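What follows draws every value from the coordinates through simple rules; no lab data is involved. Just so it is clear, the structure is predicted and the values come from calculations on it, not from any experiment. We place every Cβ from the backbone using ideal geometry, glycine too, and count neighbours over all the protein chains shown.
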Amino acid sequence: MQTFLQQLRVDWPSASESASRTASTEALRNRAFAELPFIQNVGALPPGVLGSVCLKELVEERGREAGYDPNLNNCLVTEDLLSVLAELQEAVQHWPMDSSPGLAGTPDAGTDSYMIVHVVSCEEEVQQQKLDLLWWKLDDQVLLTQKHLVCGPVKITGAAGNLTASEYYKLRYAQVCKASALKHGGDLAQDPAWPEIFGVLSVATIKFEMLSTVPQSQLLLALAESSVSTKGTKSGTFVMYNCARLATLFEGYKRSMEQGLYPTFPPVSSLDFSLLHDEGEWLLLFNSVLPFPDLLSQTAALASTAPGLHITARTEMLCKFLVQLSMDFSSYYNRVHILGEPRPHLFGQMFARLQLLQAVREVLHTSLAMLGLPPLSYI
């Protein structure tokens with residue numbers, strides 16, 4: 001799974017096997033035996049089991065209304081569980097403090113703690129709550145807010161058997177390569193620039209597939225090649241294709257300006273936006289540019305101060321927004337000739353349109369960055 005996350009360009013906290021992690025595990029084991037009387041060694045325990053911890057008091061202390069399972073009582077403390085807890089401690093201690101906070105947000109004012117988000121499947125939710133509570137019990141230094149993001153099951157439609165994460169990525173990568181070769185012809189893999197593009201398109205395809213569904217809901221994966229087509233308006237490939245079209249548009253203006261066909265871009269204050277009277281221009285403005293700040297406020301950060309144990313991530317809002325933006329832009333781009341003939345009386349409208357599309361491009365790039373996707377200049 002760690003390899004799959006790396007392929008998706010996800011900066012996931014982890015701790016490698018090290019002497020410090022071994023020491024952390026040993027310290028947790030000693031604390032469990034020497035200082036915590038609630039560990040009961042009763043009779044012959046299975047291999048790897050150190051004892052049993054009563055979590056009922058912790059559930060009451062943390063607040064049953066917060067969302068902890070009210071049936072949580074005893075937890076078997078195993079070597080594996082202590083190892084996972086030590087890995088969590090190591091990941092937190094070595095997490096770069098100057099790194100981008102991403103969806104988890106920044107620390108609350110006046111505190112030196114960060115929020116830990118347990119991303120867990122619905123099948124493992126109770127076990128992860130046990131780990132959460134055990135961390136509070138065994139680590140006096142923990143000052144972290146712990147939240148749980150519970151994800152629904154992933155099902156594959158139209159396929160027999162299971163598919164590993166690695167096989168899933170390889171399948172999408174191969175489909176992206178095939179679709180690109182059919183579109184452009186030839187063996188693009190021989191071009192040193194294309195493998196990077198293939199990787200970005202594969203990641204975009206997978207992320208849009210997985211994040212377009214509300215995290216708590218069941219995710220149905222359709223493995224057909226239509227998922228990677230630039231003509232499929234629901235796909236990440238379609239969004240990246242329109243991102244590249246925007247880049248091509250501005251590169252075309254730049255080349256024409258350097259050739260003397262168009263003047264340099266005038267100050268924004270001098271532009272006449274009353275020349276924007278096409279319906280598609282107003283759709284882009286009112287559906288994408290103006291609502292974007294509100295979208296950011298709803299999706300950019302997880303609610304770290306909200307009461308309760310569970311949090312939600314609104315990734316589906318961002319994906320749907322990007323798809324709708326791409327559809328609006330694609331329709332407008334196919335219908336309107338933005339870079340018109342190099343005649344002075346047409347420049348006013350052209351510059352007003354370019355300024356609008358510059359705002360659209362900034363919205364698009366910012367949204368893609370939130371998903372960990374770089375913009376593409378061509379596909």
Which lysines have a Cα lying under 27 Å from the Cα of residue 56, excluding residues fewer than 8 positions away in the same chain?
-> 130, 137, 147
Ordering of 118-127, 171-180 by packing [mean C-beta count within 10 Å, highest first] = 171-180, 118-127
For region 156-370, count all C-alpha to C-alpha pairs, find those more than 23 Å apart, and express that count as a whole percent of the total.
-> 56
In region 337-379, which chymotrypsin sites (Phe, Trp or Tyr not before Pro) are in a loop and have at most 14 other Cβ atoms within 10 Å, using DSSP for the loop call?
-> 378
